[in-house]
Amino acid sequence: MSASNYPSASSQSQPPKKDNRGIIYGVLIAALLGTWGYIIYDKSKTKEVIQQKDVQYASLDSVRNQLLTDYQAAEIRLDKMTSENTKLDSLVKTRDKDVTSMRSRIKTLINKQNASAADLSEARKLINQLNGKIEEYVLEIERLQGENTQLTADKQQLTTEKQQLTDTLNTKLTENKELSSQVDVGSTLNAANFHIAAINEKKSGKESETSRAKRADKFRVSFDVENRLSLTGTKDLYVIVTNPEGQVVKEDGLGSGSVTTREDGDKEFTNKVSIDYEQGKRKNVSFDLKQTDKYKPGTYKVEVYQNGFKIGEGAVTLKKGGIFG
């Protein structure tokens with residue numbers, strides 16, 4: 001049997017080829033499933049992150065809204081206090097100028113779009129500081145109101161005390177005025193032993209009393225004064241001489257003028273005589289009155305005033321005729 005009739009050894013020894021497509025398909029399917037799974041997982045995670053972000057944004061928005069409400073309440077409270085208390089408004093403007101910048105910064109942070117948690121945290125801190133300032137102002141207002149109440153009470157007390165002192169002073173002034181008036185009236189000199197005489201002056205210088213008008217050259221007035229209340233010092237006496245015709249004798253040489261009396265009003269006087277008086281002692285007063293015109297027959301009346309009161313008066317009558325009349 002020839003070799004060609006038998007199969008070759010090489011063809012008999014090679015195994016048949018395997019089909020790997022199933023494995024490849026399986027790997028591809030597994031890879032595809034893995035990819036889909038990752039995509040689904042990643043999408044789920046992304047959705048979760050988005051949900052978390054939404055929750056975070058919602059939370060931040062809620063915080064911002066609350067901060068805005070708190071700030072508006074603080075601002076309204078501050079504006080209300082400053083409008084009702086002019087002193088506080090001045091205090092805010094002069095002592096706490098940073099309040100304005102603080103309020104401006106809070107507005108900026110709250111109104112900022114996409115404000116971060118850090119922004120809102122800063123806003124919260126500033127709002128707390130602002131509320132702290134407001135509490136300081138409240139305490140300041142209470143202190144000022146307390147001081148004002150005390151000042152009002154003190155002023156009322158001082159007003160009452162002042163009125164009481166004024167009333168007391170007026171009473172004392174009235175009493176003193178009355179007392180002074182009484183002392184003043186009581187200190188008026190008392191005149192006694194009033195005497196008036198017509199005097200004839202001779203060329204030799206000898207003097208004698210006369211009752212004749214033609215011989216009369218002057219009047220001599222004398223009296224005693226005394227008062228224990230009248231203080232030591234100069235006393236002015238106003239002498240009024242009335243002639244027989246009822247007219248006051250007035251001459252420039254005698255220093256005639258007008259004097260105000262307490263009971264009879266203003267009166268014209270003939271002469272003013274000043275005397276030195278020592279308290280508690282009796283003093284004799286004597287002075288002469290000499291007119292330029294000749295004396296006329298009739299009665300001459302002489303009145304003496306001191307301290308506005310008439311303290312004495314007298315009269316002398318001159319007759320007509322002379323040595324042979």
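Scan around Thr261 for amide H atoms under 5 Å from its own, H built in the peptide plane at 1.01 Å from N, and keep only partners 5 or more places away or cross-chain.
Here the answer is Asp266, Lys267, since their amide H atoms fall under 5 Å of that of Thr261.
Explain nothing, just compute: Karplus ³J(HN,Hα) = 6.51 cos²θ - 1.76 cosθ + 1.60, θ = phi - 60°, for every residue of region 178-185 in order, whole Hz, x for Gly and Pro.
Working through the residues one at a time gives 5, 5, 4, 5, 5, 5, 4, 5 Hz.
Between their Cα atoms, which of Lys155/Lys177; Lys250/Lys320; Lys177/Lys235 are more than 28 Å away from each other? Display every interim value, and only then the final one.
Numbers: Lys155/Lys177 31 Å; Lys250/Lys320 23 Å; Lys177/Lys235 21 Å.
Exceeds cut-off: Lys155/Lys177.
Tell me, what HN-Hα J-couplings in whole Hz come from the Karplus equation 6.51 cos²θ - 1.76 cosθ + 1.60 at θ = phi - 60° for each residue of region 143-149, using x for Gly and Pro?
Couplings: 5, 5, 5, x, 5, 5, 4 Hz.
Which whole-number percent is the relative contact order of region 233-301 (Cα, under 8 Å, 6+ apart)?
41
Please rank Ser121, Ser181, Ser204, fewest neighbouring Cβ atoms within 10 Å first, as an exposure proxy. The partial results should precede the final answer.
Details: Ser121 13, Ser181 10, Ser204 6.
With the fewest neighbours first, Ser121, Ser181, Ser204 line up as Ser204, Ser181, Ser121.
So what does the Cα-only Debye profile of region 222-274 read at q = 0.12, 0.19, 0.26, 0.30 Å⁻¹, as log10 I(q)/I(0), no solvent term?
-0.35, -0.79, -1.11, -1.19
Filter the cross-link list Lys202/Lys319; Lys202/Lys310; Lys206/Lys267; Lys218/Lys283 down to pairs whose alpha-carbon distance in this structure exceeds 30 Å.
Lys202/Lys310; Lys206/Lys267
With contacts defined as alpha carbon pairs under 8 Å and 6 or more residues apart, what's the relative contact order of region 190-318 in percent?
Value for region 190-318: 32 percent.
Give a residue-ordered list of calculated ³J(HN,Hα) values for region 210-222 (Karplus: 6.51 cos²θ - 1.76 cosθ + 1.60, θ = phi - 60°; whole Hz; x for Gly, Pro).
Karplus values, whole Hz, x for Gly and Pro: 9, 10, 9, 5, 5, 8, 6, 10, 6, 10, 10, 10, 9.
Which order do the peptides 132-145, 302-315 come out in when sorted by mean C-beta neighbours inside 10 angstrom, highest first? Could the numbers behind the result be given before it?
Numbers: 132-145: 13.5, 302-315: 19.1.
Per-residue mean Cβ counts within 10 Å order the peptides as 302-315, 132-145.
Pull up all non-local amide H partners of Val285: gap of 5 or more, or a different chain, and H-to-H distance under 5 Å with H placed in the peptide plane.
Placed amide hydrogens put Phe223, Asp224, Val225 under 5 Å from Val285.
Where a number appears in this text, it was derived from the coordinates with a stated rule and is not lab data. Since this is a predicted model, take the numbers as computed values, not measurements. Ideal geometry is used to build each Cβ from the backbone, glycine not excepted, and the neighbour counts take in all protein chains shown.
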